[in-house]
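Colleague: Please see the structure below; I have some questions.
The values are calculated or read from the model by the stated rules, or taken from the named source; none is laboratory data. Nothing here was measured: the structure is a model prediction, and the numbers come from that model. Neighbour counts are summed over all protein chains in view; Cβ atoms, including those assigned to glycine, are modelled from backbone coordinates with ideal geometry.
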Amino acid sequence: MITTVLLVCLATIAAALLVLWLVGERGSLIRLSTWRFFRAGGGLHGYIYGRWTQQYANVLLNQLSNAPTSGTKWLSERYHGKVLTHEHAKAIVTLNQPIARRDLEQIIPYPVARDLVLSGPPDVAVYECVCRHARAQSCQPTQVCMVIGQPFVDFMVEHHPQTSRRLTQAEALALLEAEHERGHVHSAWFKDAMINRFYAICNCCKCCCGGIQAMRQSGAPMVASSGYVAMLDADLCNQCEVCVDACPFEALAMSDGQVERNWEKCMGCGVCEVKCTTGAMTLVRDERKGIPLDVRALA
């Protein structure tokens, strides 16, 4: 009975969206950003995700908390991220030429949603982080997720005018810098619901992020490594353990008075580097961790 009702509801929504599609760009029943979203190839799933993002995310976070390993693996293949170094995150925002790459399999090792399509410089908007918003006690600020490129920016701003706003390039860089200093992880996100390609840069904290939570609790491969790993200079380390506490992926631990890095867990996010007060932690390139998402090289 419940399944039948759900199917009827979905069919009704699909029919309504089809009518809106047929009305056309100048119709009064559809927002221009919605029309452009569907014209770009966005489907019903993508519309629901973008239109009711908070409600969608609440369900997703519950699924991440309770899903078996097989479920989280299936999810990670359709909703996943790539850790960005601070420099690579800034490079996306300051991209000065169009870029369209349809096969990022070596960079984003997942079977779907591997496209990167941007006009340079890309349009950017910031919106409420759904993970932080969903927590009873969340990290601040909460408006830190960045939508990148069209048609996503127009769609989110038009449908969420109270919780999103456009950013200038300078404002986007300032936001990235502030989150970097807070010890939060830059990550590029890809989702098959949103036209099978890159659509956002999130600034994730280990306290609230559902993706990081799923990685720690069930080993779900929600994000791919930046292509770098943390390296410790033991001579500069004062064993303060700040890096151990700050690491979002629990890749650092104290052992016999020394900081040890778990190579498998290290995603090369650079949080330990920015939090280290002595300069003992640095990021180094490691080819075994994959290819960095550096738009300057892709262009």
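Colleague: Go through (1) under 14 Å from the mean Cα position of the chain (by Cα); (2) modelled with pLDDT of 90 or more; (3) of a type outside the set (A, V, I, L, M) and name the single condition residue 154 misses.
Modeller: (1)
Colleague: Look through the range 120-151, keep the residues that are closer than 18 Å to residue 171 by Cβ and of a type in the set (Gly, Ala, Ser), and return whichever of them is modelled with the highest pLDDT.
Modeller: 125
Colleague: Ok, one more. Kindly indicate whether residue 177 is surrounded by fewer than 22 Cβ atoms within 10 Å (Cβ to Cβ), closer than 23 Å to residue 246 by Cβ and not hydroxyl-bearing (Ser, Thr, Tyr).
Modeller: yes
Colleague: Also, quick follow-up: Sort out which residues of the range 25-79 are touching a Pro at 6+ places or on another chain (Cβ under 7 Å), in a helix (DSSP H, G or I) and modelled with pLDDT of 65 or more, and write them in order of number.
Modeller: Hits for the range 25-79 are 33, 36, 37.
Colleague: Identify the single condition in (1) free of Cβ contacts under 8 Å to residues at least 12 places away in the same chain; (2) in contact with a strand residue (DSSP E or B) (Cβ under 8 Å, 6 or more places away or on another chain) that residue 288 does not satisfy, given that it satisfies every other one.
Modeller: The number of the failed condition is (2).
Colleague: Which ones in the range 243-272 are closer than 15 Å to residue 86 by Cβ and surrounded by fewer than 22 Cβ atoms within 10 Å (Cβ to Cβ)?
Modeller: 246
Colleague: State which residue is nearest to residue 154 (Cα to Cα) when the search covers only the range 102-122 and only residues that are surrounded by fewer than 18 Cβ atoms within 10 Å (Cβ to Cβ) and among the charged types (D, E, K, R).
Modeller: Taking the candidates together, the pick is 115.
Colleague: Taking the range 249-290 as the search range and keeping residues that are in a loop (DSSP other than H, G, I, E, B) and of a type in the set (Asp, Glu), which one is modelled with the lowest pLDDT?
Modeller: Looking at the filtered set, the residue picked out is 256.
Colleague: Can you name the condition, by its number, that residue 89 falls short on among (1) at pLDDT below 95; (2) outside any strand (DSSP E or B); (3) under 15 Å from the mean Cα position of the chain (by Cα)?
Modeller: (1)
Yes/no per residue for (1) touching a residue at least 24 places away in the same chain (Cβ under 8 Å); (2) closer than 17 Å to residue 205 by Cα; (3) outside the structural domain of residue 118 (by TED's automatic domain parsing); (4) touching a helix residue (DSSP H, G or I) at 6+ places or on another chain (Cβ under 6 Å):
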site	(1), (2), (3), (4)
244	no, yes, yes, no
262	no, no, yes, no
295	yes, no, yes, yes
298	yes, no, yes, no
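Colleague: Return the total of residues in the range 215-242 being outside any loop (DSSP other than H, G, I, E, B), of a type in the set (A, V, I, L, M, F, W, C) and surrounded by fewer than 24 Cβ atoms within 10 Å (Cβ to Cβ).
Modeller: Qualifying residue count, the range 215-242: 5.
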